[in-house]
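All remarks here apply to the structure that follows.
The values are calculated or read from the model by the stated rules, or taken from the named source; none is laboratory data. All of these numbers come straight from a predicted model, not from anything done at the bench. Note: ideal-geometry Cβ built from the backbone for every residue, glycine included; neighbour counts use all protein chains shown.
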Amino acid sequence: MNNKYILSLYAFISGVLLSLMIMSNSYLAHFTTPLTASWITHAIGSLVSLIIYFLYLSKKKVIHSEHRTIKIIYYLGGIPGAFTVLLAAITVNSTLSLSGSIILMITGQILFSLLIDAFGWFGLKKRKIKFKDFLMCILLLSGSVLLIVSR
């Protein structure tokens, strides 16, 4: 199978898992608070990550001794994740519901990604934004408005 198709499948599965995570976290927030639900979700996620990490280390015979310097900002990726879980728990339990929350999250991701591509932020290579990118944003925003307003 082509690598492009495998990566597309991974991305699709990631989207399904994101929806399941947001739904279950908002359900938990409905019975507790969004902040408590976020703490519980991240504690369980940290535990599972540690288990996966130790399983990975047990399979790996030699640990590379190559020391690379990592910028401190790269360790801060969990902060947006925590806010995503917290804000999603609030919005899913509102009139937006799951589909409205997800479509607005995707819209925010795509628009911010285009800015990152255009300006080359975070060390990425600059990419010229084309008309089709703007057209995609207009269609995405239109669809988002239709989905939310039609409720």
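Taking L114 as the residue in question, decide whether it is surrounded by 14 or more Cβ atoms within 10 Å (Cβ to Cβ) and part of a helix (DSSP H, G or I). Spell out how you get there, then give the answer.
Values: surrounded by 14 or more Cβ atoms within 10 Å (Cβ to Cβ): yes; part of a helix (DSSP H, G or I): yes.
Yes; evaluated as a whole, the condition is true for this residue.
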task: Please indicate, with yes or no, whether at least one residue in segment 69-81 is of a type outside the set (K, R), within 30 Å of R151 (Cβ to Cβ), out of contact with any Gly (no Cβ under 8 Å at 6 or more places or on another chain) and part of a helix (DSSP H, G or I).
output: yes
- prompt: Can you find even one residue in segment 58-67 that is of a type in the set (D, E, K, R) and at pLDDT 85 or above?
  reply: no
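Just to be sure I understand, how many residues within segment 92-104 are free of Cβ contacts under 8 Å to residues at least 60 places away in the same chain and surrounded by 12 or more Cβ atoms within 10 Å (Cβ to Cβ)?
Filtering segment 92-104 down to residues free of Cβ contacts under 8 Å to residues at least 60 places away in the same chain leaves 94-97, 99-100, 103-104.
With the extra rule that they be surrounded by 12 or more Cβ atoms within 10 Å (Cβ to Cβ), the set shrinks to 96-97, 99-100, 103-104.
Qualifying residue count, segment 92-104: 6.
So which of F119, F131 is modelled with pLDDT of 85 or more, over 22 Å from L18 (Cβ atoms) and surrounded by fewer than 10 Cβ atoms within 10 Å (Cβ to Cβ)?
Numbers: F119 fails: surrounded by fewer than 10 Cβ atoms within 10 Å (Cβ to Cβ).
Of F119, F131, the one residue that is modelled with pLDDT of 85 or more, over 22 Å from L18 (Cβ atoms) and surrounded by fewer than 10 Cβ atoms within 10 Å (Cβ to Cβ) is F131.
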